[in-house]
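What follows is a short report on a single structure.
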Amino acid sequence: MPSELIVDPTRKIEGSYPTISEAITAALPHDRIRVRPGSYDEGLVITKPLTIVGDGESNRVRVKAYGKNVVFFDTKEGP
């Protein structure tokens, strides 16, 4: 059964991850990542099937990357 991982840059939620990238690395295929409001300065590389959702209003979660892709999908799913 898929798990839910929480990304919280304030680390107020026990067991949460400070960055989306860290949660992606820790996640297993088909896990759900819930991203708390904040500004995330990182490029995301997604290498497995995941669900990533913002927590709260859509304009409260911002992902910025300078000099690289904001989101890069590198998944290999065959027939």
**Request:** Filter region 1-47 down to residues that are open to solvent by 40 Å² or more (accessible area, probe 1.4 Å), among the hydrophobic types (A, V, I, L, M, F, W, C) and assigned to a loop (DSSP other than H, G, I, E, B) and give me whichever is nearest to ARG60 (Cα to Cα).
**Result:** ILE13
**Asked** Which residues, taken from region 56-65, are without any contact (Cβ under 8 Å) to a residue 24 or more places away in the chain and part of a loop (DSSP other than H, G, I, E, B)?
**Response** GLY56, GLU57
**Message:** All but one of (1) in contact with a strand residue (DSSP E or B) (Cβ under 7 Å, 6 or more places away or on another chain); (2) within 19 Å of ASP8 (Cα to Cα) hold for SER58; state the number of the condition that does not hold.
**Reply:** (1)
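The values are calculated or read from the model by the stated rules, or taken from the named source; none is laboratory data. Everything quoted here is computed from the prediction, not taken from an experiment. Backbone-built Cβ (ideal geometry, glycine too); neighbour counts: all protein chains shown. Please note that ligands, DNA and RNA were not included when accessible areas were found on the heavy atoms of the full protein model with its side chains. Shrake-Rupley method; radii C 1.70, N 1.55, O 1.52, S 1.80 Å.
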